[in-house]
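Asks: This is the structure I have questions about; it appears just below.
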Ligand SMILES: [Fe+2]
């Protein structure tokens with residue numbers, strides 16, 4: 001007991017997708033969409049108007065995956081005292097060798113998730129940034145801890161599902177492997 005209270009915290013949840021849930025179709029679908037896209041430059045995301053407002057994963061092959069994600073997300077939301085959440089949108093990401101994703105957060109989402117499907121070695125960690133201006137105050141050579149750390153990286157593995165808050169800023173580091181990195185991103189929001 002060190003008399004400390006955490007005023008706020010930036011949580012992240014990590015799960016392993018059960019092998020019983022087939023995801024081969026996700027990778028196929030990602031490449032099908034990418035091949036149809038004439039505007040591909042660097043990292044590719046299927047984030048267009050059509051995808052953005054597509055509220056359910058393709059049925060029937062996506063049903064198991066969506067049920068799993070709905071259950072995870074709602075159990076987290078419940079634990080946080082939030083109302084029930086549902087899938088708002090999702091998109092496919094293909095980061096070829098050399099690609100990066102700049103720092104961003106997911107506006108309007110309460111909970112954000114990523115499912116990693118193809119993660120070659122050195123294909124880019126995900127980096128999370130602390131909110132606010134703490135990096136201005138903290139000496140640059142400080143060691144990380146959860147109070148004074150300003151960024152932290154996580155190297156996902158295949159079939160990892162990570163979930164974090166919609167306002168959590170993050171980026172994806174450069175893919176330094178010789179193969180594509182493939183993932184699925186999804187936003188969940190409260191049902192109004
Ligand atoms: Fe993101």
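Asks: Is region 90-105 home to any residue that is more than 16 Å from the ligand (Cβ to nearest atom) and under 16 Å from residue 29 (Cβ atoms)?
Replies: First, the residues of region 90-105 that are more than 16 Å from the ligand (Cβ to nearest atom): 96-98.
The next check asks that each one be under 16 Å from residue 29 (Cβ atoms); those that pass are none.
Checked against the condition, which is being more than 16 Å from the ligand (Cβ to nearest atom) and under 16 Å from residue 29 (Cβ atoms), region 90-105 yields no hits at all.
Asks: I'd like the full set of residues that are touching a strand residue (DSSP E or B) at 6+ places or on another chain (Cβ under 7 Å) and part of a loop (DSSP other than H, G, I, E, B), limited to region 85-104.
Replies: Correct list: 100 only.
Asks: Within region 116-127, restricting attention to residues that are within 13 Å of the ligand (Cβ to nearest atom) and crowded, with 20+ Cβ neighbours inside 10 Å, which residue is nearest to residue 25 (Cα to Cα)? Lay out the reasoning, then the answer.
Replies: Taking region 116-127 and keeping what is within 13 Å of the ligand (Cβ to nearest atom), we get 116, 124, 126-127.
Cutting the leftovers down to crowded, with 20+ Cβ neighbours inside 10 Å gives us 116, 124, 126.
Values: 116: 13, 124: 23, 126: 24 Å.
Checking each candidate, the answer is 116.
Asks: Got at least one residue in region 156-163 being in contact with a helix residue (DSSP H, G or I) (Cβ under 8 Å, 6 or more places away or on another chain), in contact (Cβ under 8 Å) with a residue 12 or more places away in the chain and more than 20 Å from residue 31 (Cα to Cα)?
Replies: Of all residues in region 156-163, those in contact with a helix residue (DSSP H, G or I) (Cβ under 8 Å, 6 or more places away or on another chain) come to 161, 163.
Those still in the list that are in contact (Cβ under 8 Å) with a residue 12 or more places away in the chain too: 161, 163.
Next, only the ones that are more than 20 Å from residue 31 (Cα to Cα) stay: 161, 163.
Within region 156-163, one or more residues are in contact with a helix residue (DSSP H, G or I) (Cβ under 8 Å, 6 or more places away or on another chain), in contact (Cβ under 8 Å) with a residue 12 or more places away in the chain and more than 20 Å from residue 31 (Cα to Cα).
Asks: Any residue in region 31-50 that's surrounded by 10 or more Cβ atoms within 10 Å (Cβ to Cβ): show its pairings with residues that are at pLDDT 75 or above and assigned to a loop (DSSP other than H, G, I, E, B) at Cβ separation under 7 Å, as long as the two are six or more apart or on different chains.
Replies: Listed by first residue and then by second, the contacts come to 42/99; 43/99; 43/100.
Asks: Can you tell me how many residues in region 180-192 are away from the ligand (no atom under 13 Å from the Cβ) and under 14 Å from residue 93 (Cβ atoms)?
Replies: 3
Asks: Right, another one. Within region 120-148, can you find the residues that are closer than 26 Å to residue 93 by Cβ and assigned to a loop (DSSP other than H, G, I, E, B)?
Replies: At the first step, the residues of region 120-148 found to be closer than 26 Å to residue 93 by Cβ are 120-131.
Passing the criteria: 120, 121, 122, 123, 124, 125, 130, 131.
Asks: What is the number of the single condition among (1) more than 16 Å from the ligand (Cβ to nearest atom); (2) buried (at least 16 other Cβ atoms within 10 Å of the Cβ) that residue 142 does not meet?
Replies: (2)
Asks: Any residue at all in region 106-115 that's within 16 Å of the ligand (Cβ to nearest atom) and touching a helix residue (DSSP H, G or I) at 6+ places or on another chain (Cβ under 6 Å)?
Replies: Yes, that holds for at least one residue.
Asks: Which of the numbered conditions does residue 152 fail, given that it passes all the others? Conditions: (1) exposed (fewer than 15 other Cβ atoms within 10 Å of the Cβ); (2) away from the ligand (no atom under 15 Å from the Cβ); (3) assigned to a strand (DSSP E or B).
Replies: (1)
Asks: Mind listing whichever residues of region 3-21 are within 19 Å of the chain's Cα centre (by Cα) and either assigned to a loop (DSSP other than H, G, I, E, B) or free of Cβ contacts under 8 Å to residues at least 40 places away in the same chain (or both)?
Replies: Residues of region 3-21 within 19 Å of the chain's Cα centre (by Cα): 9-18, 21.
Listed by number, the residues that qualify are 9, 10, 11, 17, 18, 21.
Asks: Let me ask another. Please determine, by comparing only the residues of region 156-166 that are part of a loop (DSSP other than H, G, I, E, B) and under 12 Å from the mean Cα position of the chain (by Cα), which one is nearest to the ligand (Cβ to nearest atom). Don't jump to the end; show me each part of the working.
Replies: Step one: of region 156-166, the residues part of a loop (DSSP other than H, G, I, E, B) are 156-159, 166.
Next, from what is left, pick out any that are under 12 Å from the mean Cα position of the chain (by Cα): 156, 166.
On the way: 156: 13, 166: 10 Å.
The qualifying residue nearest to the ligand (Cβ to nearest atom) is 166.
The values are calculated or read from the model by the stated rules, or taken from the named source; none is laboratory data. All of these numbers come straight from a predicted model, not from anything done at the bench. Heads up, the Cβs are rebuilt from the backbone with ideal geometry, glycines too, and the neighbour counts pull from every protein chain shown.
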